[in-house]
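The values are calculated or read from the model by the stated rules, or taken from the named source; none is laboratory data. On a predicted model such as this, the values are computed, not experimentally measured, just so you know. Neighbour counts are summed over all protein chains in view; Cβ atoms, including those assigned to glycine, are modelled from backbone coordinates with ideal geometry. Heavy atoms of the whole protein, side chains included, go into the accessibility calculation; ligands, DNA and RNA do not. Shrake-Rupley method; radii C 1.70, N 1.55, O 1.52, S 1.80 Å.
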Amino acid sequence: MKQQPQQQVVLSIGTPPVEAFVIADTGSDLIWTQCLPCRNCYNQTLPIFDPARSCTFKSISCNSNNACTYKYEYGDNSTTIGNLATESFRIGSLVVPNIAFGCSHESFGLFYKTDNGIIGL
């Protein structure tokens, strides 16, 4: 992931929308951003996304009691761990509701503080 030049995508997450700069990654399929509470996260320039402030955030449950968790590792050993959820995303004037994404509570590896997460394409 870090071997190639990064292409950042500017988007907004949630309602009300919060701006995020995410890495466009054609080698993966997960969209994720760092979320509060963040137990083990890299420092980032913009505030970490707070799902409690968004009226469109919904956790995805794997069964009737627990949130679905994920762990995603990249080829450079960078890792994100968190819960799966749905949220509204905005790119330019296009708003897409109920996009499944990873709400990361642990992120470490080769990330830059200008990156809020990754949009897997």
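Name the longest site-free stretch of the chain, where the excluded sites are trypsin sites (Lys or Arg not before Pro) in a DSSP loop with no more than 12 other beta-carbon atoms within 10 Å.
It works out to 40-112.
Give me the percent of the accessible area of the chain that comes from carbon and sulfur atoms, probe 1.4 Å, all protein chains in place.
53
Amide H to amide H, which residues 5 or more places from Asn116 or on other chains are under 5 Å from it, using H placed in the peptide plane?
Here Phe21, Val22, Ile23 satisfy the definition.
Pop a pseudo-label 7 angstrom from the Cα along the beta-carbon direction at both Lys71 and Ile91 and give the gap in nm to one decimal.
In this crude label model, Lys71 to Ile91 measures out at 3.0 nm.
Enumerate the calculated ³J(HN,Hα) couplings along the range 116-121 in order (Karplus 6.51 cos²θ - 1.76 cosθ + 1.60, θ = phi - 60°), each rounded to whole Hz, writing x wherever the residue is Gly or Pro.
9, x, 9, 10, x, 10
Limiting things to C-alpha atoms, what are the Rg and the maximum Cα-Cα separation (Dmax) for the range 52-96, in angstroms?
Values for the range 52-96 (Cα only, Rg and Dmax): 13.8, 36 Å.
For the chain, take N as its residue count and report Rg(C-alpha) divided by 2.2 N^0.38 Å.
Taking N as the residue count of the chain, the ratio is 0.98.
Before anything else, pin down the relative contact order of the chain: Cα pairs under 8 Å, at least 6 apart, normalised by residue count, whole percent.
Relative contact order, the chain: 38 percent.
So which cysteines in the chain don't have a second cysteine's C-beta under 4.7 Å from them?
Cys55
With the other protein chains left in place, how much accessible area per residue, in square angstrom, belongs to the range 41-93 at a 1.4 angstrom probe?
Per-residue accessible area for the range 41-93 comes out at 60 Å².
Label points 7 Å out from Cα along the Cβ direction at Lys58 and Thr26: separation in nm?
3.4
How about the range 68-121: which chymotrypsin sites (Phe, Trp or Tyr not before Pro) there lie in a loop by DSSP and see at most 15 other Cβ atoms within 10 Å?
Those satisfying the criteria are Tyr112.
Order Val95, Val22, Val9 by their accessible area, 1.4 angstrom probe, all chains in place, largest first.
Output order, biggest surface exposure first: Val95, Val9, Val22.
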